[in-house]
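Input: a single structure, listed below in structure tokens.
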Amino acid sequence: MKDRQNFPGGAKWEDLVGYSRMVKSGNMIWVSGTVAEDDNGEVIGLNDAYTQTKFIIQKIEKFLSMAGASLENVVRTRLFVTDISRWEEIGKAHGEFFANIKPATTMVEVKALIGPDYLVEIEMDAVI
């Protein structure tokens with residue numbers, strides 16, 4: 001794909017595993033699973049799934065803007081959560097951004113994420 005653009009996010013795992021935070025090709029954008037980690041490698045929202053979800057969506061929003069997109073362009077979100085019983089607080093945060101956009105969405109409980117303090121990981125797909 002000659003129009004492919006990779007957008008690195010700076011996560012320590014990207015080079016080790018071989019992936020980009022976001023890939024754009026043509027009018028399509030794919031955002032890799034993103035957790036609530038700031039630029040200093042600190043977890044945001046310890047034990048707070050609502051805060052982690054909000055932080056992740058805001059983090060992804062910044063990457064989308066680098067590709068000329070916004071949350072309005074998101075057509076799919078996937079939320080991986082370590083405790084599905086917390087779905088309401090996670091869903092509340094998601095809804096604050098997507099109540100009017102209404103992308104296709106999946107929320108799935110997983111055994112664990114890459115670090116023990118991460119409660120939520122989110123992927124997004126967008127179309128410009």
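The values are calculated or read from the model by the stated rules, or taken from the named source; none is laboratory data. As the structure is a computational prediction, the values presented were derived from the model and not from experiment. Backbone-built Cβ (ideal geometry, glycine too); neighbour counts: all protein chains shown. Side chains included, ligands, DNA and RNA excluded: accessible areas come from the protein's heavy atoms. Shrake-Rupley method; radii C 1.70, N 1.55, O 1.52, S 1.80 Å.
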Inset, instruction - Please work out if S65 is hydroxyl-bearing (S, T, Y) and under 28 Å from R4 (Cα atoms). - result: yes
Inset, instruction - Specify the residue that is farthest from A93 (Cα to Cα); the eligible residues are those in the stretch 104-128 that are open to solvent by less than 20 Å² (accessible area, probe 1.4 Å) and not aromatic (F, W, Y). - result: G115
Inset, instruction - Collect the residues in the stretch 7-35 that are modelled with pLDDT of 95 or more and open to solvent by 70 Å² or more (accessible area, probe 1.4 Å), keeping them in residue-number order. - result: N27, W30
Inset, instruction - Among what's in the stretch 36-70 and is under 22 Å from W87 (Cβ atoms) and open to solvent by less than 10 Å² (accessible area, probe 1.4 Å), pick the residue that is farthest from the chain's Cα centre (by Cα). - result: A49
Inset, instruction - Restrict the check to the stretch 32-40 and report whether at least one residue is farther than 19 Å from A99 by Cβ, touching a helix residue (DSSP H, G or I) at 6+ places or on another chain (Cβ under 7 Å) and not in a loop (DSSP other than H, G, I, E, B). - result: yes
Inset, instruction - Hey, could you check the stretch 14-27 for residues that are under 16 Å from I122 (Cα atoms) and among the hydrophobic types (A, V, I, L, M, F, W, C) and say which is nearest to the chain's Cα centre (by Cα)? - result: M22
Inset, instruction - Only residues that are in a helix (DSSP H, G or I), open to solvent by 10 Å² or more (accessible area, probe 1.4 Å) and either more than 16 Å from Y118 (Cα to Cα) or touching a residue at least 40 places away in the same chain (Cβ under 8 Å) (or both): list them for the stretch 72-90, please. - result: E72, N73, E88, E89
Inset, instruction - Considering (1) in a helix (DSSP H, G or I); (2) more than 18 Å from R21 (Cβ to Cβ), say which one A112 fails and leave the rest. - result: (1)
